[in-house]
Structure formats: structure tokens, C-alpha cells
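Each remark here refers to the structure printed beneath this line.
The values are calculated or read from the model by the stated rules, or taken from the named source; none is laboratory data. Given the structure is predicted, the values throughout are model-derived calculations rather than measurements. Here Cβ is always computed from backbone atoms with ideal geometry, including for glycine, and neighbour counts include all displayed protein chains. With ligands, DNA and RNA removed, areas are computed over all heavy atoms of the protein, side chains included. Shrake-Rupley method; radii C 1.70, N 1.55, O 1.52, S 1.80 Å.
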Amino acid sequence: MQLSIRLFASLAETLGATSLTYHVENKPLTAGKLKELLSASYPDAASQIAISMVAVDQEYAPDDTIINDAAEVAIIPPVSGG
Amino acid sequence: MQLSIRLFASLAETLGATSLTYHVENKPLTAGKLKELLSASYPDAASQIAISMVAVDQEYAPDDTIINDAAEVAIIPPVSGG
Amino acid sequence: MRERYSRQMLFAGIGEAGQQKLARSSVCIVGMGALGSNLANHMVRSGVGKVRMIDRDYVEYSNLQRQMLYDEEDAREALPKVVAAQRKLGRINSSIQLEALFMDVTSSNIHELLENTDLVLDGTDNFQTRFLLNDACYSMGIPFVYGGAVSSRGMSAIFIPGGTPCLRCLMQSPDAGGQTCDTVGVISPIVDIIASYQAVEAIKYLVGAEEQQRGELVSIDAWHNQFYTMKLGRPRSDCPCCQLKQYPALLQKEDTEISLCGRESVQISGHAPFDLLLWREKLEPAVNGVKENPFLLRAQLDEGLRLVLFADGRVLIQGTDDIVRAKTLYARYIGN
Amino acid sequence: MRERYSRQMLFAGIGEAGQQKLARSSVCIVGMGALGSNLANHMVRSGVGKVRMIDRDYVEYSNLQRQMLYDEEDAREALPKVVAAQRKLGRINSSIQLEALFMDVTSSNIHELLENTDLVLDGTDNFQTRFLLNDACYSMGIPFVYGGAVSSRGMSAIFIPGGTPCLRCLMQSPDAGGQTCDTVGVISPIVDIIASYQAVEAIKYLVGAEEQQRGELVSIDAWHNQFYTMKLGRPRSDCPCCQLKQYPALLQKEDTEISLCGRESVQISGHAPFDLLLWREKLEPAVNGVKENPFLLRAQLDEGLRLVLFADGRVLIQGTDDIVRAKTLYARYIGN
């Protein structure tokens with residue numbers, strides 16, 4: 001399936017885009033698996049992806065969340081600093 | 001047509017809702033005409049509607065803007081204070 | 001003092017070049033209440049070279065809940081806001097130029113006040129003054145950063161002559177439906193949020209970050225969790241300011257009476273500058289008590305009424321919204 | 001002093017009842033840097049009855065660009081942030097109780113520090129301390145308002161034991177990818193925006209506005225015009241904090257070395273309290289210069305290195321990220 005993924009913060013900077021269209025074969029796809037696949041596709045961003053949150057349809061998606069075709073996905077690195 | 005209208009600030013308070021579904025016969029409907037119709041339907045809010053901005057699809061819509069069926073409409077009263 | 005701005009220069013959007021641009025910039029903040037305090041704090045800390053602040057009001061206890069530059073001593077002394085602000089800000093950054101103007105902005109002085117200014121920041125509390133700023137800015141080619149905050153909501157947008165529509169394109173009436181901080185209250189977080197959205201657009205403009213400039217009006221309600229953006233779109237073809245270039249607010253003859261927004265106060269201007277010591281002597285026998293500082297004199301009348309005489313000639317009649325009554329009191333104590 | 005809060009009580013969401021609840025409330029702000037300064041300003045001005053502030057750091061010139069409570073004099077004197085903050089805030093609102101604790105928060109003192117606190121506000125700059133706060137808050141049933149800001153972006157959420165997931169549900173690693181204010185910089189508007197979103201959730205909680213409480217993580221980039229909300233959803237079933245109730249951070253034995261986030265400084269704790277006058281005499285002949293105030297002593301070493309001895313026994317080795325080198329210097333000047 002084709003996933004439209006929003007990217008935030010440092011991740012958007014590393015990948016040079018605020019969104020990407022990502023093709024996935026695996027089904028069912030979980031949030032955890034998506035992070036693995038993205039890390040493999042974008043090794044430069046792997047360490048950031050590993051610590052990032054996945055949101056599906058604007059709700060936090062733990063690793064075992066199933067991602068469906070029409071889902072709106074976002075990958076959000078945590079922000080420290082204060 | 002059926003319009004879904006988002007309401008903001010004092011207008012939402014006066015009408016007791018942050019959105020409403022509004023039925024309009026007039027075609028073509030302009031932003032200015034919509035304000036007139038809403039003022040007639042909700043006389044308590046008429047003075048607020050008169051000074052409010054209309055946004056169509058998240059863009060400012062001057063009075064002569066044509067509003068289509070699928071448009072996302074918002075009525076936004078200006079905020080003073082500082 | 002490179003160390004001072006080190007974290008700001010590390011930020012890629014500003015860098016060393018941006019920091020130098022900020023140092024060469026001059027901004028004017030009109031209104032030093034809640035938004036104005038926060039705006040000035042951002043401009044001064046970020047190293048904008050020259051910050052001019054204009055306000056006609058003095059610090060009161062009811063300001064302290066949200067006007068971040070002022071403290072109890074300022075209220076006790078009834079210091080003009082610009083004076084209190086300059087004291088605090090001078091301690092924060094002694095390397096920039098601060099100018100504090102304790103006065104009313106009018107159609108006759110606005111051009112002089114905004115000369116050589118790169119950007120105008122809106123800290124006012126009423127649309128009458130905002131329209132005046134908007135018209136003056138567009139006639140002079142200066143960007144104007146609007147902000148308003150009341151209750152738990154606020155909005156902000158940057159208007160750039162030649163680049164975006166102006167405030168008059170969006171709002172045709174100087175009426176905001178009677179909602180002011182004095183009628184529906186206000187909480188401090190929305191003030192800081194709105195002023196910070198104003199400040200970041202100001203910084204973007206000053207460092208030349210055109211691509212990041214927001215072409216939207218942002219509307220926020222911090223209590224009810226709303227966030228809405230509206231693209232400014234195209235100018236209204238019949239806008240008397242940015243299209244017809246009539247600048248109506250600049251043409252208006254000033255009224256001598258100005259009713260301050262919902263504060264139960266009427267301002268009457270037009271008097272020659274007051275010699276406050278002289279007026280203290282004059283008023284003391286006639287009223288229930290007089291307090292003064294170098295900038296103003298407060299005379300307590302009966303029934304919660306108060307006269308405030310400002311050195312520049314303005315008089316504030318507090319405790320009434322009734323212009324006729326205010327004029328009567330003015331005539332009674334000040335004369336004509 | 002009813003006048004002071006008049007505009008806040010006029011706000012329907014707070015009212016007189018809400019104002020009284022705020023007056024009876026006690027909050028703890030951990031970390032008094034950029035977010036912490038702004039948080040404290042909001043809490044103090046809005047009339048929260050008791051505000052406890054904890055921080056282990058002192059004011060430096062590079063803080064002034066964004067840490068709104070501090071000025072040049074504070075940096076010149078190298079005042080502990082909590083001390084400088086207390087001075088400013090005391091002048092702003094003398095009717096509330098302020099507590100300034102110049103110390104490190106650890107797993108051994110956290111319970112004592114948070115006792116009798118209604119709410120904890122996150123002003124820290126690292127996830128290690130945030131996890132400690134999160135675990136302590138959930139073990140004690142205290143809401144925790146997370147905030148983080150760096151570059152032009154930030155995020156915030158309120159975590160309520162029994163009501164929402166916790167910080168550990170969302171973030172499993174104390175690593176934030178190495179992005180800190182000292183590596184990628186930070187601009188002041190995003191700080192105020194994030195702290196203000198934290199503050200408004202805190203006020204909602206304290207006045208009991210449950211329906212308005214945000215069940216979302218807010219993410220904002222003020223430079224690139226982004227705003228995104230993510231519902232917190234349900235807790236992770238294997239969350240070691242809010243589900244398994246193991247509170248890992250509370251079990252951790254403290255390291256004696258803590259590397260401060262990207263600031264080229266290593267902190268070594270574990271020494272007995274320092275008699276600073278005694279240590280001044282000891283170190284003066286051995287180093288390139290010593291400066292001190294009642295709270296700390298700074299000794300300038302070669303090659304941009306600096307030792308800072310705190311009265312409570314901590315030592316900061318500035319100018320290196322190398323823990324081994326820091327230990328060597330510690331051993332050389334302080335001993336073991």
C-alpha cells in the first residue's frame with residue numbers, strides 16, 4: 001500500500017521533506033514494523049526514527065497498532081531542551 | 001445546499017456551538033450573502049456576524065466570494081484586546 | 001557580547017548574518033500592555049538594535065496578572081508603562097537602544113513616530129488605533145504585525161505592504177463586539193502565545209526569512225483547545241487603505257474625547273502641558289486626596305471617580321463611561 | 001488585592017471560585033531555564049498560592065536571550081537561577097509563597113521535594129530528569145506537565161495519573177537525538193509558546209476545568225509554521241511506569257557523573273558540601289583566577305576549562321564532554 005507520512009522536526013530536516021509517500025508490501029502493517037522499514041529505507045535517519053513516536057490519524061500508535069490503507073501517519077521525534 | 005460552518009470565539013459562545021450545519025437555498029451563494037442569511041437566522045448574533053470574517057477553505061473570503069457545496073466555511077470574529 | 005546571542009546564532013534560520021541584521025534593525029511597539037510587554041521582551045532579548053516603545057497609560061495592580069514587565073513597585077508608584085518597561089529592559093540588555101515615549105499616538109504625530117522604523121508591532125487594545133497604525137504603515141511601506149488577545153483567545157498576522165493584504169482588507173469595522181479584557185477578562189498564557197507568534201514573524205521579517213513568513217491569520221483559543229489558520233488571500237479590491245490608498249485613519253481629525261475601551265474611563269486631550277506641581281496645589285483643596293509622580297497626578301474625587309492629569313496635557317476621568325459627565329468633571333476641575 | 005486578579009476572575013473559565021482554588025494550590029517547577037522562567041512567571045502572576053522552584057544551575061550571559069526572569073546583573077554575579085528568580089518574582093507578587101531550592105533533583109530526594117505538591121511543571125532540559133519526574137509523579141499521583149523546546153520547535157502535554165497515559169508510554173528512550181539548545185540553538189518565541197501551553201493546562205487542572213483539559217501532545221514549529229496535535233490515546237499495556245508500576249527511574253542508583261546536555265560540561269556529584277571560602281584559598285594559587293559568590297566558586301583553568309564548585313558538593317567541569325578528562329581534572333583539583 002501507499003502511505004502518506006508526515007515528518008516533523010529533526011526528522012524532516014534529515015530527510016529534507018515534511019512529508020513522503022511510502023510504499024509498503026507488508027500486511028498487516030504495524031507501527032513498530034513501519035519504523036523498522038523506514039529505518040532500513042533511510043539509514044541516515046534510523047537513530048531518529050528509533051526514538052520517534054508514530055501517530056495514526058492524529059492519535060499515538062504504540063508499536064502493535066495496525067496501520068490501514070487510508071491512515072494518516074506522522075512520525076514525531078521527541079523534543080528535549082528547556 | 002448544506003453548509004458545515006465552524007464558529008469561533010464570542011460567536012461560538014453566543015450560539016452555544018463551535019459548528020453548525022446550515023441549509024441555504026440561494027445560489028450562487030456569496031460570503032456576504034451568507035452573513036446576511038445567518039444574521040437573519042440568528043438575530044442575537046447579528047451584530048457579531050456583521051463584523052466577522054468569513055473563511056472559505058481556510059482562506060479569507062471577501063463579500064463577493066462564491067461559496068460552493070463542498071466548501072469548508074468558518075466565521076471568525078476579530079479579537080481586540082492587548 | 002557574542003556569548004549572549006550564541007544560542008540564537010546557532011539556530012540555522014538566523015545565524016550570524018541574521019544576528020547582524022537584527023542589530024541593525026529598528027522596531028516600534030505601540031501599546032505596552034500585556035502584548036506589548038511580551039513583544040518588547042522578545043525584541044530586546046533577541047538583540048534588535050533599536051526598540052521604540054509608545055504608550056499613554058500607567059501601571060495599575062490589575063495589570064500585574066498578565067503584563068510581564070511590571071511589578072508591585074511600578075503599580076505603587078503608578079509609573080508610566082514605558083518608563084517601567086525601559087528600566088527593566090535596560091537591565092536585561094544594555095547594548096541596545098531603548099526609547100520610551102509616554103504619549104498618545106494620533107493621526108498628527110504617527111508619521112513622525114514611525115519614521116526610520118523597519119517594523120511596527122501592535123500592542124494596542126483597540127481597533128481604532130490599529131487602523132491608524134495599519135494606514136500609517138501602508139502609507140509608509142512598513143510591515144505591521146497585528147495581535148489581539150482577550151479571554152482565552154487571540155489572533156495574529158503580519159501585514160506587509162506590497163506583499164499581503166492589510167488589516168482593513170480583513171476587518172472593516174473598528175468594533176470588536178465589545179469584548180475587551182475589562183469586560184470578559186483575560187488569562188496570561190494566551191497573551192504570551194499571541195505576542196510570541198507576533199515576535200517570531202517580526203524576527204523572520206527582520207532577518208529576511210521570506211519563505212518562512214506566514215501568510216495567514218492565526219486564531220487560537222488556549223482554553224478550548226482551538227487552533228485555526230486562515231490564508232490572507234488577495235487584497236479586497238476596494239480596500240481604502242492598501243488599494244485605494246486613501247488611508248482614512250490618517251485623514252480623521254482628532255476628537256478631543258477618547259473613551260478608553262471598557263475601562264470606565266474617558267480621556268480628554270487638547271489641554272496644554274500640565275505643570276503638575278502647580279496643579280497639585282490647585283486641586284489639593286478641592287478633592288479627597290492627590291498622588292503624583294514626575295509623569296502624572298491622580299486626584300481622588302467622590303463616588304469612585306478619579307482625575308488623572310498627565311504632564312503632556314491629557315486628562316483621564318476614571319470611574320465613568322459617560323462622556324458628558326466626564327466633560328462636566330473636566331470643566332469643573334480643569335476648566336476649558 | 002482583589003484588584004490584582006480582577007481580569008482573571010472576569011474570565012468565565014476561572015471566576016472567583018477558580019481564583020480561590022489557585023490560591024490554595026501548590027506547584028513545583030523543576031528546571032528554571034527558559035521554560036521554567038516563563039512557567040514561574042505565569043504561576044506567580046496568576047496567583048498560585050505556593051510555587052516551589054528547583055534548579056542546580058546559575059545564570060550565564062548566553063541565557064539572557066530567552067530566559068525571561070534574568071538580567072545582566074544576575075549573569076555578572078553568576079547567581080543561582082532560583083535565587084535570581086525568587087528576587088524578581090517576589091517583587092511581582094508578594095502575596096504568594098515562593099520557595100527556591102538550589103539543588104539537583106535525584107531519585108533519593110524526589111519524593112521529599114514533591115510532597116504536598118498538586119502539580120509538577122517540567123522546566124528541565126533532558127529526558128533523564130523528565131523520566132525521573134514522570135515516575136515520581138505517577139507513583140505519588142501528581143499530574144506532570146511536560147514541555148520541551150529547542151530550535152524553533154517544541155511540544156507539550158499534561159499527563160494525569162489515572163486519567164492519561166504517561167510520558168514513558170510515548171517515549172521509551174531518554175535520548176532526544178542529540179538536539180539541544182547548545183547544539184542547534186533556540187529562539188525565544190517558541191519557548192514562551194510552549195511554556196504558555198504548559199501553563200494553561202496547569203491552570204485548567206488547578207481550577208478543575210476537566211472538560212477543557214487537553215488530552216493531546218501539541219507539537220509546534222514557530223519558524224516553519226507547523227502545528228500538530230496527537231491524541232494521547234490509551235496507555236501502553238507494558239509501560240513500566242503507569243501500568244507495571246515499576247517506576248524504573250526511582251530505582252536507579254545515582255551515577256556520580258552526570259554529563260550535562262551538550263553543554264561541554266560534566267557534573268560530578270557526591271562530594272561533601274564545600275566550604276567555598278576555604279576552597280577559594282586552596283584553589284587560588286593553582287588556577288588562573290577564582291570568582292565566587294555565596295552559592296558557588298568558579299576557577300578558571302587552562303585551555304578554556306573551568307571548574308565550578310557548588311556549596312552543596314557538586315562540581316561542574318566546563319569546557320569538555322570527556323568524562324575521563326573531567327574525572328582527571330576533578331581528581332587533580334578536588335581530590336577523591
query = Just wondering, is there one or more residues in region A:41-61 that are away from every other protein chain (no Cβ under 11 Å) and surrounded by 21 or more Cβ atoms within 10 Å (Cβ to Cβ)?
reply = no
remark   = Taking region B:1-35 and keeping residues surrounded by fewer than 17 Cβ atoms within 10 Å (Cβ to Cβ) and either in contact (Cβ under 8 Å) with a residue 40 or more places away in the chain or polar (S, T, N, Q) (or both) leaves B:MET1, B:GLN2, B:SER4, B:THR18, B:SER19, B:THR21, B:ASN26
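In the set D:VAL27, D:VAL48, which member is in a loop (DSSP other than H, G, I, E, B) and surrounded by 19 or more Cβ atoms within 10 Å (Cβ to Cβ)?
When all the criteria are applied, what remains is D:VAL48.
I'd like the residue in region D:72-90 that is assigned to a loop (DSSP other than H, G, I, E, B) and open to solvent by less than 10 Å² (accessible area, probe 1.4 Å) and, out of all such residues, is modelled with the lowest pLDDT.
It comes out as D:ALA78.
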remark   = Of the candidates C:LEU64, C:LEU35, the one satisfying the condition of being over 16 Å from C:ALA199 (Cα atoms) and out of contact with any Cys (no Cβ under 8 Å at 6 or more places or on another chain) is C:LEU64
inquiry  = Can you report the number of residues in region D:171-215 which are assigned to a helix (DSSP H, G or I), at the interface with another protein chain (Cβ under 9 Å from one of its Cβ atoms) and over 21 Å from C:ILE194 (Cβ atoms)?
reply    = 4
Flag if A:LEU38 is in contact with a helix residue (DSSP H, G or I) (Cβ under 6 Å, 6 or more places away or on another chain), away from chain D (no Cβ under 12 Å) and either surrounded by 15 or more Cβ atoms within 10 Å (Cβ to Cβ) or within 17 Å of A:ARG6 (Cα to Cα) (or both) = yes
request  = Could you run through region C:216-234 and say how many residues are surrounded by 18 or more Cβ atoms within 10 Å (Cβ to Cβ), within 11 Å of chain B (Cβ to nearest Cβ) and either within 18 Å of B:ASP64 (Cβ to Cβ) or of a type in the set (Gly, Ala, Ser) (or both)?
outcome  = 4
query = Can you find a residue in region D:3-12 that is outside any helix (DSSP H, G or I), facing chain C (nearest Cβ under 10 Å) and surrounded by 19 or more Cβ atoms within 10 Å (Cβ to Cβ)?
reply = yes
note = Note on region D:143-181: residues of a type in the set (A, V, I, L, M) and open to solvent by less than 10 Å² (accessible area, probe 1.4 Å) are D:VAL145, D:ALA149, D:VAL150, D:MET155, D:ALA157, D:ILE158, D:LEU167, D:LEU170, D:MET171
task = Take C:ARG130 and decide whether it is touching a residue at least 24 places away in the same chain (Cβ under 8 Å), within 11 Å of another protein chain (Cβ to nearest Cβ) and among the basic types (Lys, Arg).
result = yes
query = Do any strands (runs of 3 or more DSSP E) lying entirely in region B:1-78 carry at least 2 residues that are out of contact with any Pro (no Cβ under 6 Å at 6 or more places or on another chain) and closer than 17 Å to C:MET155 by Cα, and which ones are they?
reply = B:2-7, B:53-56, B:72-76
key: Tally of residues being part of a loop (DSSP other than H, G, I, E, B) and more than 9 Å from chain D (Cβ to nearest Cβ) across region C:51-66   = 3
remark   = Among residues of region D:91-128 being open to solvent by 30 Å² or more (accessible area, probe 1.4 Å) and part of a helix (DSSP H, G or I), the residue nearest to D:ALA249 (Cα to Cα) is D:GLN128
